[in-house]
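Working notes, structure below.
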Amino acid sequence: MVGPTDKDVLVDVMRPLVPGLYDSLDQAFELAQQHFVEFDMTDPAYQPALHHLARAHSRRLLIEAGAAGRLGDWQVADPGPNVQVLLRNESLELRLLRPLGDEVPPPGPNRARQAYYTNLHDNLLGIRGSRLLGLVVVDPTSGEVLVRVVRPVGTWKFRSRAKIDIDFVLPRSVHTLESLEFIPTEDLEQGFLPFEVEGDEQEGEGDVGRE
């Protein structure tokens with residue numbers, strides 16, 4: 001008997017998360033942007049601080065969404081340093097980060113982050129044991145929040161090729177999520193497993209790393 005594929009598992013576990021996640025992120029960035037506009041802090045130099053404030057609001061709103069049952073079985077973990085936003089579903093984890101332009105941020109010298117990036121847990125538990133990164137970006141034209149999900153499989157230095165084997169934009173629509181097509185390629189050193197949508201649903205994917 002054939003068991004569920006990695007795609008089936010990810011779609012099943014992400015399905016209940018999508019509405020509450022995007023609602024929380026939308027509200028968080030709106031609140032942060034309102035604050036910076038109110039105090040005339042619209043210069044690009046303030047953008048990093050805006051993202052910090054949005055992250056703090058995101059965590060608060062995600063906790064509220066979880067308490068209301070809008071995140072499925074996902075839970076918000078303890079904040080740790082820098083008010084990190086880490087979501088857990090049993091052994092599966094999703095850490096929300098800000099990308100470095102178009103790049104997946106490297107782990108840096110922090111040993112705990114390096115351990116997270118190596119993804120050793122998936123050797124025993126498969127995709128359910130993965131430690132994923134959710135790269136949160138705001139499209140500069142539409143203002144729409146998007147989350148690019150990647151799975152790191154090693155560590156690398158700044159400006160080096162990212163070691164990832166899963167890379168897809170989490171659709172805002174549950175229906176679109178369920179229609180994703182799994183297409184393996186060999187584009188990256190460690191393999192590249194994007195989820196692509198048939199038809200016109202992919203429009204804008206190339207812009208998700210911009211701010």
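The values are calculated or read from the model by the stated rules, or taken from the named source; none is laboratory data. Worth saying up front: this structure is predicted, and the values here are computed from it rather than measured. Neighbour counts are summed over all protein chains in view; Cβ atoms, including those assigned to glycine, are modelled from backbone coordinates with ideal geometry. Keep in mind that these areas ignore ligands, DNA and RNA; they rest on the heavy atoms of the full protein, side chains included. Shrake-Rupley method; radii C 1.70, N 1.55, O 1.52, S 1.80 Å.
Results, tabulated for the structure shown:
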| item | result |
| --- | --- |
| Residue count for the range 87-111, restricted to those that are free of Cβ contacts under 8 Å to residues at least 40 places away in the same chain, of a type in the set (A, V, I, L, M) and more than 18 Å from ILE164 (Cα to Cα) | 0 |
| Total residues in the range 101-130, condition closer than 23 Å to LEU177 by Cα and either acidic (Asp, Glu) or modelled with pLDDT of 95 or more (or both) | 2 |
| The range 63-86, subset among the hydrophobic types (A, V, I, L, M, F, W, C), assigned to a helix (DSSP H, G or I) and free of Cβ contacts under 8 Å to residues at least 40 places away in the same chain, residue surrounded by the fewest Cβ atoms within 10 Å (Cβ to Cβ) | ALA67 |
| Matching residues in the range 1-50 - criterion: being surrounded by 16 or more Cβ atoms within 10 Å (Cβ to Cβ), in contact (Cβ under 8 Å) with a residue 40 or more places away in the chain and farther than 29 Å from ARG128 by Cα | PHE29 |
| Number of the exception - ARG172 against (1) in contact with a helix residue (DSSP H, G or I) (Cβ under 8 Å, 6 or more places away or on another chain); (2) basic (Lys, Arg); (3) farther than 30 Å from GLN33 by Cβ | (3) |
| Lone qualifier among VAL2, VAL18, VAL37, VAL85 - being among the β-branched types (Val, Ile, Thr) and modelled with pLDDT under 95 | VAL2 |
| Matching residues, the range 108-124, being surrounded by fewer than 19 Cβ atoms within 10 Å (Cβ to Cβ) and at negative phi | PRO109, ASN110, ARG111, ALA112, ARG113, GLN114, ALA115, THR118, LEU120, HIS121, ASN123, LEU124 |
| All positions within the range 159-175 that are assigned to a loop (DSSP other than H, G, I, E, B), over 21 Å from PRO107 (Cβ atoms) and not polar (S, T, N, Q) | PRO171, ARG172 |
| Residue within the range 125-136 that is in contact with a Ser or Thr (Cβ under 6 Å, 6 or more places away or on another chain), free of Cβ contacts under 8 Å to residues at least 60 places away in the same chain and surrounded by fewer than 16 Cβ atoms within 10 Å (Cβ to Cβ) present | yes |
| Selected residue (only one of ASP26, ASP12 is among the acidic types (Asp, Glu) and either at pLDDT below 95 or not in a helix (DSSP H, G or I) (or both)) | ASP12 |
| Candidate set from the range 154-184 (those that are in contact with a strand residue (DSSP E or B) (Cβ under 7 Å, 6 or more places away or on another chain) and open to solvent by 40 Å² or more (accessible area, probe 1.4 Å)); member that is modelled with the lowest pLDDT | ILE183 |
